[in-house]
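Colleague: My structure is below; once you've seen it, I'll send some questions.
The values are calculated or read from the model by the stated rules, or taken from the named source; none is laboratory data. Worth saying up front: this structure is predicted, and the values here are computed from it rather than measured. For neighbour counting, all protein chains shown are included, and Cβ atoms are generated from backbone atoms with ideal geometry for every residue, glycine included.
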Amino acid sequence: MSRSQEQLTADHLLSIARPDIAVILGTGLGVMEEAVTVERAVHYADIPGFPVSSVKSHSGRLLFGTLGDKSVAVMSGRFHLYEGYSPREVTFPVRVFAYMGIRSIFISNAAGGLRPDLTPGSAMLVTDHINLTAQSPLTGPNIEGLGPRFPDMTRPYSPALIARARSFARENGIDLGEGVYVQVPGPSMETAAETRMLRLMGADAVGMSTVMEVIQAVHCGMEVLAISAVTNSNDPDSYLPAPIEQVIAMAEKAGPVIARVFAGIIKG
């Protein structure tokens, strides 16, 4: 049987580095790069089979380096459904990481806060999610070598990593919120009526990424930790526009907190 493109890409990347942990950085969250001792940077366009990010503030590089004594692979920029990519294309890197032997993945994103206490520039630890894209990266033939046909999703976010994030935040005086993240397709922002609906459904923050990657990571047997950078307040009774410049600025404000928590946990 011929090897899949993901396996071939994994072989290519393993000739460069053998990381223990993967990190996916969302909009405006490139500050995490500063915490990593980068040994090699590869543009997505130079990686066989990799999609290419078209979104502002996503540099489109895969960084290999160390964080403490851990070897890490950091995606500086991700892929989205609204760019025209399919769920399988969005999650291509996650499958590559699985074939590389990576078993822990840390994911960040930019999101609109749906609770009053989730103010712009704050960070929210994701404890669960809602998929409102009506899509899944697992649609189609199952890749038996990666995971089961019907993966369990009772705890998609690692309880052990969540506990460590809570402990690290508490011990270091970090204000880290918690809540449920909902992914919508985008790229249009939510209306006031849609925001009311999301609140009623039990969502605490809304964004246009992450859930596809988490589903794929869980299918591959990975431990997942995710933190959202809250970039705007979705208050349906006093609704204000959230231009991309504001989203990036607020994500950059929350970025150091997310980077600090990720680094603290990875370093152990």
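Colleague: Counting only residues that are among the aromatic types (Phe, Trp, Tyr) and either loosely packed, with under 14 Cβ neighbours inside 10 Å or modelled with pLDDT under 95 (or both), how many does segment 24-59 have?
Modeller: Residues that pass the stated criteria total 1.
Colleague: Report those helices (runs of 4 or more DSSP H) wholly inside segment 4-110 carrying at least 1 residues which are of a type in the set (Phe, Trp, Tyr) and over 20 Å from Ala165 (Cα atoms). Step through it out loud before you land on a result.
Modeller: Details: elements: 5-14, 87-90, 92-99.
Qualifying helices (runs of 4 or more DSSP H): 92-99.
Colleague: Still on this model: Check whether at least one residue in segment 218-231 is in contact (Cβ under 8 Å) with a residue 12 or more places away in the chain, over 18 Å from the mean Cα position of the chain (by Cα) and either buried (at least 16 other Cβ atoms within 10 Å of the Cβ) or over 12 Å from Ala111 (Cβ atoms) (or both), and report yes or no.
Modeller: no
Colleague: Ok, one more. Please find, within segment 143-159, the residue that is farthest from Val180 (Cα to Cα) out of those that are at pLDDT 95 or above and among the small types (Gly, Ala, Ser).
Modeller: It comes out as Gly147.
Colleague: Let me ask something else about it. Please enumerate the residues belonging to segment 111-132 that are assigned to a strand (DSSP E or B) and among the charged types (D, E, K, R).
Modeller: Of all residues in segment 111-132, those assigned to a strand (DSSP E or B) come to 111-113, 123-131.
Listed by number, the list holds a single entry, Asp128.
Colleague: Let me ask something else. Got at least one residue in segment 48-62 being under 20 Å from Pro137 (Cα atoms), touching a residue at least 60 places away in the same chain (Cβ under 8 Å) and of a type in the set (Phe, Trp, Tyr)?
Modeller: no
Colleague: If you go through segment 149-208, how many residues are surrounded by 12 or more Cβ atoms within 10 Å (Cβ to Cβ), free of Cβ contacts under 8 Å to residues at least 12 places away in the same chain, within 22 Å of Ala254 (Cα to Cα) and among the acidic types (Asp, Glu)?
Modeller: 0
Colleague: Residues of segment 74-132 being over 19 Å from Val257 (Cβ atoms), surrounded by fewer than 23 Cβ atoms within 10 Å (Cβ to Cβ) and among the polar types (S, T, N, Q), which ones?
Modeller: The answer is Ser86, Ser104, Asn131.
Colleague: May I pose another question? Would you be able to say whether some residue in segment 239-247 is under 16 Å from the mean Cα position of the chain (by Cα) and among the aromatic types (Phe, Trp, Tyr)?
Modeller: No, because not a single residue in segment 239-247 is under 16 Å from the mean Cα position of the chain (by Cα) and among the aromatic types (Phe, Trp, Tyr).
Colleague: Filter segment 3-23 down to the residues that are of a type in the set (D, E, K, R) and surrounded by fewer than 20 Cβ atoms within 10 Å (Cβ to Cβ) and list them by number.
Modeller: Answer for segment 3-23, where residues must be of a type in the set (D, E, K, R) and surrounded by fewer than 20 Cβ atoms within 10 Å (Cβ to Cβ): Arg3, Asp11, Arg18, Asp20.
Colleague: Moving on. Give segment 207-227 a look and list any residue that's among the small types (Gly, Ala, Ser) and not in a strand (DSSP E or B), or say none.
Modeller: If the condition is that a residue be among the small types (Gly, Ala, Ser) and not in a strand (DSSP E or B), then Ser209, Ala217, Gly221 are the ones that fit.
Listed here are the residues, each with its yes/no results for (1) hydrophobic (A, V, I, L, M, F, W, C); (2) assigned to a loop (DSSP other than H, G, I, E, B); (3) farther than 29 Å from Arg170 by Cβ.
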| position | (1), (2), (3) |
| --- | --- |
| Met197 | yes, no, yes |
| Ala229 | yes, no, no |
| Asn232 | no, no, no |
| Ser238 | no, yes, yes |
| Val247 | yes, no, no |
| Pro256 | no, no, no |
| Ala259 | yes, no, no |
